[in-house]
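Engineer: Handing you a structure now.
The values are calculated or read from the model by the stated rules, or taken from the named source; none is laboratory data. Not measured: the values here are computed from a predicted model. Here the Cβ is made from the backbone with ideal geometry for all residues, glycine too, and neighbour counts use every protein chain on show. These area figures cover heavy atoms from the full protein model, side chains too; ligands, DNA and RNA do not enter into them. Shrake-Rupley method; radii C 1.70, N 1.55, O 1.52, S 1.80 Å.
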Amino acid sequence: MKNIRIATIGLGYVGMPLAVEFAKQLPVVGFDINRHRIDGLNAGHDATLEVDDANLQSVLVPEISRLEAGGGLYLTDRLADIRDCNYYIVTVPTPIDEYKRPDLTPLLKASETVGQVLQKGDIVIYESTVYPGATEEDCVPILERRSGLRFNRDFFVGFSPERINPGDKEHTFLTIQKVTSGSTPVTARKVDELYNLVVQNGTHQASSIKVAEAAKVIENAQRDLNIAFVNELAKIFNILGIDTLEVLEAAGTKWNFLPFRPGLVGGHCIGVDPYYLTHKAQAIGYHPEVILAGRRINDSMGKYVAGEVVKLMIKKGHTIANARILVLGITFKENCPDIRNSRVIDVIAELRDFGCRVDVYDPWADSAEVHQEYGIELIQEEKLNESQTGYDAVVLAVAHRQFAELDLRRFTNGNGILYDVKGIARQADGRL
């Protein structure tokens, strides 16, 4: 493993933790096209909170010439700075478009970037979630065209799917088991050895890149289906007048009952990855009924929550038009700043369609990022405290730890309702 110089392409939730850990043993150049992101990281702070400041600052070097064989991390947006690397790890996002179709644009552009600096003997490792076949069928041709090199003769490719869970400090890049693969047996071994330098729980070497791609995409499709099941149960039990959480707690006493909870399914993985698999299935002539059914249920939950809130308000005699509603939380999950593909936005949009005036408060989310992504102005804590008795309804959408400590009733008028999406407020008027 001598003479390795790594370039990480993309410095987000996946790329940054990976770059920092590799940089403790090997020279790493972190590349991102977002200059603002580079400047923030070079100042010693990771806005995603996936890497703590001390850990980041311990490996940063101010100049590329300061990189040594024993480690170090230099961050850049200059293509020339990654030209001398021989391992390229691509960690860019793979979203879906407005029609729920895979959007490979970031991945293909990253491949264009790598192709411009690729040299003989180099290995390109993809971590971005894709459908089976995308690495070799979509990315490799771009690498060949841009570099003028031949695949599996002049350069080689690996796939090691990311398993980052934003905000999770237990299952990190270091502590998970990593799936690895390569385009040739020798490449597969090299990729496996590379990751075994840093991960603590070892690796699982898949027999092919397609197997590794498929393994990743079904990990989150499985979770999506399980959550869809309990979301459907929540709808059924609501009609029957049964508390869903009580039912799940009772069923959970069985040793092999899986502890899933109903909720809004968003984020960069669970609400996205199944569409990559269904896209590929449909492309080969198979219609995936179960996976798409689960997606339909989970994608409908925002409207369902808003409808339940409005029903409760009507029962208490509220006029819906111009009713004031407070939504607590807009990140896609609790205790992290990640707003990607947050389905709380569906609740907000539906309530506004009913004519309600909606305020949104989230102590974890970045206000400027929320405004840019969703066009929503978050209220600040000062305004929240000023308006604490003026809301006709409060929707607890995200279970941030700060919200668990609040007396949520104090934000409503005397006849206001409290709807709990996450099941942490036992005195709620309604919950999933």
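Engineer: For LYS316, give me every one of the lysines with a C-alpha distance below 29 angstrom, ignoring sequence neighbours fewer than eight places off in its own chain.
Structural biologist: Filter leaves LYS235, LYS303, LYS383, LYS422.
Engineer: Separate question: So how do ASP366, ASP81, ASP346 rank on accessible area, 1.4 Å probe, biggest first, that is with the largest at the start?
Structural biologist: ASP366, ASP346, ASP81
Engineer: Can you tell me how much longer the chain between ILE33 and ASN322 gets when fully stretched, taken as 0.36 nm per residue apart minus their C-alpha distance, in nm with one decimal?
Structural biologist: 99.7 nm
Engineer: Taking a spot 7 Å from the Cα of HIS279 along the direction of its beta carbon, which residues of the range 309-353 have an amide N less than 16 Å from it?
Structural biologist: The answer is 341.
Engineer: Would you mind getting the accessible area per residue of the chain, heavy atoms of the protein chains only, 1.4 Å probe, in Å²?
Structural biologist: In whole numbers, the chain has 45 Å² accessible per residue.
Engineer: In the chain, which helices (entire DSSP H runs) extend 20 Å or more along their own long axis, judged by Cα positions, while averaging at least 0.5 on the Kyte-Doolittle scale?
Structural biologist: What comes out of the filter, once short or polar helices are dropped, is 301-315.
Engineer: Lys/Arg Cβ at +1, Asp/Glu Cβ at -1, dipole of the chain taken about the Cα centre: which of TYR126, TYR361, HIS171 is farthest positive-ward?
Structural biologist: TYR126
Engineer: Moving on. Based on the Kirkwood radius over alpha-carbon pairs, what value in µm²/s does the Stokes-Einstein equation return for the translational diffusion coefficient of the range 1-42 at 10 °C and 1.306 mPa s? Provide the component values of the computation, followed by the final result.
Structural biologist: Details: Rh = 10.6 Å.
Result for D is 149 µm²/s.
Engineer: Sum up the charges of everything whose Cβ sits under 10 Å from the Cβ of GLY182, counting Lys and Arg as +1 and Asp and Glu as -1, but leave GLY182 out.
Structural biologist: +1
Engineer: Then there's this: Note down the net charge around CYS269, summing +1 for each Lys or Arg and -1 for each Asp or Glu among other residues with Cβ under 11 Å from its Cβ.
Structural biologist: So the environment of CYS269 carries a net charge of 0.
Engineer: So, one more: Taking the Cα centre of the range 128-286 as origin, work out the dipole magnitude from +1 charges on Lys and Arg Cβ and -1 charges on Asp and Glu Cβ, in debye rounded to 20. Walk me through the intermediate numbers first.
Structural biologist: Working: 16 positive and 18 negative charges, 89 e Å.
Dipole of the range 128-286, to the nearest 20 debye: 420 debye.
Engineer: Which residue fluctuates the most in the chain, going by a Gaussian network model with Cα springs under 10 Å, if the choices are VAL61, VAL130, VAL28?
Structural biologist: VAL61
Engineer: Just the number, please: carbon plus sulfur as a percent of the accessible area of the range 315-399, 1.4 Å probe, no ligands or DNA/RNA counted.
Structural biologist: Numbers: 1520 of 3720 Å².
After summing per-atom areas, the C and S share lands at 41 percent.
Engineer: Which net charge results when you count Lys and Arg as +1 and Asp and Glu as -1 among the other residues whose beta-carbon is under 12 Å from that of GLU246?
Structural biologist: The answer is 0.
Engineer: Tell me, what is the 1.4 Å probe accessible area of LYS24, in Å² to the nearest 10?
Structural biologist: 90 Å²
Engineer: What are the extents of the Cα atoms of the range 220-332 along their three principal axes, listed from largest to smallest and rounded to whole Å?
Structural biologist: Over the range 220-332, Cα extents along the principal axes are 53, 38, 25 Å.
Engineer: Additional query: For a quick check of understanding: with a 1.4 angstrom probe and all protein chains in place, what accessible area in square angstrom does ARG146 have, to the nearest ten?
Structural biologist: 110 Å²
Engineer: What accessible area, in Å² to the nearest ten, does a 1.4 Å probe give for THR175?
Structural biologist: It works out to around 40 Å².
Engineer: Debye sum, Cα scatterers, the range 92-185, no solvent: what log₁₀ I/I(0) at q = 0.15 1/Å?
Structural biologist: -0.65
Engineer: For the chain, with only Lys/Arg (+1) and Asp/Glu (-1) charged at the beta-carbon, what is the dipole magnitude about the Cα centre, in debye rounded to 20?
Structural biologist: Computed about the Cα centre, the dipole is about 800 debye.
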